Structures are given as C-alpha cells and as structure tokens.
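All of the numbers you see were taken from the coordinates with simple rules; none came from a lab. For clarity, every value in this text was computed on a predicted model and none was experimentally measured. Positions of Cβ are generated from backbone atoms using ideal geometry, with glycine treated the same way; all protein chains shown enter the neighbour counts.
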Amino acid sequence: MTDTPNPFEALFKQAQELTKAFPTVDAFSPKVFEAMMGTMPKDMMEMMFGNTVNKGGLDAKTRLLLTIAGLTTQGAQVDTVFRQTVRHALEAGATEQHIKETIAQTSVFAGIPAMTRALDLAGQVFDERKDDA
C-alpha cells in the first residue's frame with residue numbers, strides 16, 4: 001500500500017515557503033496594524049447603520065452594543081475586531097458602563113470565561129482612552 005500525501009499538508013508547507021519570501025512578514029504586528037485603523041465618526045455610523053435610513057429603527061449605539069454581545073457570546077475570539085467594536089460603540093455614544101453591562105448580561109449565555117475575556121479586551125480600550133486624555 002502506498003502512502004498518498006495529504007494535500008492540505010502540502011498546501012500548508014507551500015504557504016509557509018511563500019511567507020518566507022516576504023521579509024516584512026516577520027515584522028508584522030497586529031497591534032501596529034490595529035493602531036492604523038480609524039474610528040468612524042458618530043454621524044457617519046448613524047447614517048450607515050442607524051436611524052437615518054431606517055427611521056424609528058435601532059440607533060448605531062444600540063447596534064454596536066448588540067454586536068459586542070454577539071462577539072462576547074462567540075468568546076471574544078478576535079481581539080482586534082472586539083476592541084475596534086468597543087471603540088466604535090464609545091464613539092456612537094455608549095458609555096463604559098453600557099459596554100460593561102452588555103458584556104455582563106451576555107455572560108449568562110456565553111459563560112464566565114467569555115465574559116472575562118471580553119471585559120479584559122474592553123478594559124484595554126478604556127485604558128488607552130485614559131492614556132490619551
């Protein structure tokens with residue numbers, strides 16, 4: 001019987017070789033990349049995601065708090081996405097208390113580890129805002 005190579009293993013090795021060809025990959029930092037991302041202004045968020053188009057619907061702040069709840073329920077797995085959503089929620093008018101309560105409420109469904117991780121990530125954003133002030 002012959003051993004057939006695993007196509008996924010070959011693809012993975014090929015991807016590793018490809019990344020070695022790009023010298024800047026070693027210097028890539030997700031934190032630096034995250035710092036380059038801007039926060040959308042509140043008026044723009046309201047126009048795109050809030051009451052401007054959907055009169056009487058959810059405002060941008062509420063939509064972002066719901067997004068934080070959903071991300072927490074998933075275990076707050078992607079740090080950059082979670083922190084960026086917290087930044088946008090703050091820009092849209094949510095307070096630190098609103099965000100903390102949203103995460104705490106979600107813990108009933110997501111569990112304590114997910115809540116703890118989400119609170120830690122949100123806390124990083126709160127701390128960076130205090131440092132900027």
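Listed values, structure above:
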{"quantity": "Within straight-line cross-link reach of K42, lysines at Cα separation under 18 Å, skipping those fewer than 8 residues along the same chain", "calculated": "K55, K61"}
{"quantity": "Candidate lysines - alpha carbon under 23 Å from K20, same-chain residues fewer than 8 apart omitted", "calculated": "K31"}
{"quantity": "Net charge contributed by nearby residues that have their C-beta within less than 10 Å of G93 (K/R +1, D/E -1)", "calculated": "-1"}
{"quantity": "Length released on extending from Q74 to F12, taking residue separation times 0.36 nm less the Cα-Cα span", "calculated": "19.6 nm"}
{"quantity": "Prolate/oblate/rounded label for the stretch 29-132 (Cα gyration tensor, a/c 1.5)", "calculated": "oblate"}
{"quantity": "Gain upon complete extension [A104, D132; 0.36 nm per residue less C-alpha separation]", "calculated": "7.5 nm"}
